[in-house]
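Visitor: The structure is given below, and queries will be raised subsequently.
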Amino acid sequence: MKTFSSTITVLLLSFSAFVMSACSKSEETNDGGAIDCVSNLTALGIPSGNYSGICCVSSNRYAVTDDMAYGAGFVYMDLSINPSTGEVVKASRDVPPGTGMDWYEGKEYEYKKNNDSEAIIYHPSTKTLFVAGEWDSRIREYTFEGKPTGRELEIPQQFDMGHIVEAFGFESLAYSQATGLFWTTTEKPLLADANEGYVRLQSFTEDLKPAKQYLYRADAPVGKCEMADDNDYLGVVEMVALDDGRLIILEREIFLSTQIPTDSFVRNCIYTVNPSTAAPGQMLTKTLLCEFTTHMNVSKTPKFANYEGMCLGPTLSNGKQTLLLISDSQRGEGGYGANLQDYVKVISID
């Protein structure tokens, strides 16, 4: 969980003519049939949240982490997606008994009562879910009802809380049944790696024990540095494991300009890497899949949205595989008609 919500509120209120709810859907196709469609979950009736991770559990049902929810920290969303356009045409949400959502009712949030659930995967062979907790650097297994099973990934000591930049720990989690591997990494480099500037992609086998580790370097920020150095948030926020062994990595840069609010943006770069082509401990070579930027500027599209969760989406009617991304609106942060919205973005990747 990041602490930029108060900054976003100030920027939105200073630019109250910028109404996020004005844009509910946009889509683009090209001659190759590529899909890039954004659907507004808020407009579809989904309560605002701090949605930070997503995975498909069956057909159109998805488990979604909320990084300010208690307990297991995830909810379910049923998303009906048009197989031709990628548009979410219908959506609903329900909360399992193991997730506490009472903070939505106005109770003061107590950070230490949750695990800061940032990422989630479905494990088909056990029919359970694994959730990455950024607060305590643990990745626990839960039943569909949100009850902990007592099992968790055996995290190497180098990822202990004392070795991680505060609030920039485990933000991502991936799993492939074909390879039998789990994957995770920290959003920012470990304290010991700060001068080197890379994160460590850690894999785990089906017995939940650590396996091979690789190095990954995120892009340099493009935001213009300001006096407040906490207005630029850059790092790895999600990954997806493909059955051929490759990983899809989502890098995210949030730049919040306190001097010129309309200069604020979120830049997302999606890369693929192939650990099988490198020896453990080596730096992985990145291949750009796509890049997009959302803006806090009424003259630019798409509008400001912070995408944090990513998973494989449905196969479209044209046979193309999709990626599904979900944004974190900081529980509809803002005010006076300038509230952030929760979005789902569907893009085709082959």
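The values are calculated or read from the model by the stated rules, or taken from the named source; none is laboratory data. What you are looking at is a predicted structure, and each value in this text was computed from that prediction instead of being measured. Because the Cβ atoms are built from the backbone with ideal geometry, glycine has one as well, and the counts that use them run over all protein chains shown. In case anyone asks, the SASA skips ligands and DNA or RNA and just uses the protein heavy atoms, side chains included. Shrake-Rupley method; radii C 1.70, N 1.55, O 1.52, S 1.80 Å.
Visitor: Under 5 Å between amide H atoms, partner at least 5 residues away or on a different chain: which partners does TYR343 have, H built in plane at 1.01 Å?
Guide: Residues meeting the criterion, in which the H sits 1.01 Å from N, are LEU41, SER327.
Visitor: Using θ = phi - 60° and the Karplus form 6.51 cos²θ - 1.76 cosθ + 1.60, what ³J(HN,Hα) does each residue of region 248-261 get, whole Hz, x for Gly and Pro?
Guide: Once rounded to whole Hz, the list reads 9, 10, 9, 9, 9, 10, 9, 10, 10, 8, 7, 8, 10, x.
Visitor: How far, in nm, would the chain grow between SER276 and LEU288 when pulled straight, counting 0.36 nm per residue and subtracting the alpha carbon separation? Mind dumping the intermediate values first?
Guide: Details: separation 12, 0.36 × 12 = 4.32 nm, distance 1.78 nm.
Separation in residues times 0.36 nm, less the Cα-Cα distance, equals 2.5 nm.
Visitor: Leaving ligands and nucleic acids out of the surface, order TRP183, TRP135 by accessible area at 1.4 Å, largest first.
Guide: Details: TRP183 10, TRP135 75 Å².
Correct descending sequence by accessible area is TRP135, TRP183.
Visitor: Which links in LYS188/LYS212; LYS212/LYS286; LYS127/LYS188; LYS90/LYS147 stretch past 24 Å when you go from one Cα to the other?
Guide: Working: LYS188/LYS212 19 Å; LYS212/LYS286 18 Å; LYS127/LYS188 31 Å; LYS90/LYS147 28 Å.
Violating the 24 Å Cα-Cα cut-off are LYS127/LYS188; LYS90/LYS147.
Visitor: In whole Hz, what ³J(HN,Hα) sequence does region 293-304 give by Karplus (6.51, -1.76, 1.60; θ = phi - 60°), x for Gly and Pro?
Guide: These are the phi-based 3J(HN,Hα) values: 10, 10, 10, 9, 8, 5, 8, 10, 10, x, 6, 4 Hz.
Visitor: Arranged from highest to lowest average of other beta-carbon atoms within 10 Å per residue, in what order do the peptides 268-276, 69-77, 155-163 appear? Walk me through the numbers on the way to the answer.
Guide: On the way: 268-276: 19.2, 69-77: 23.9, 155-163: 13.7.
Put in order of decreasing packing, that is 69-77, 268-276, 155-163.
Visitor: Whose amide H sits under 5 Å from the amide H of GLY49, counting only residues 5 or more places off or on another chain, with H placed in the peptide plane?
Guide: Here SER329, ARG331, GLY332 satisfy the definition.
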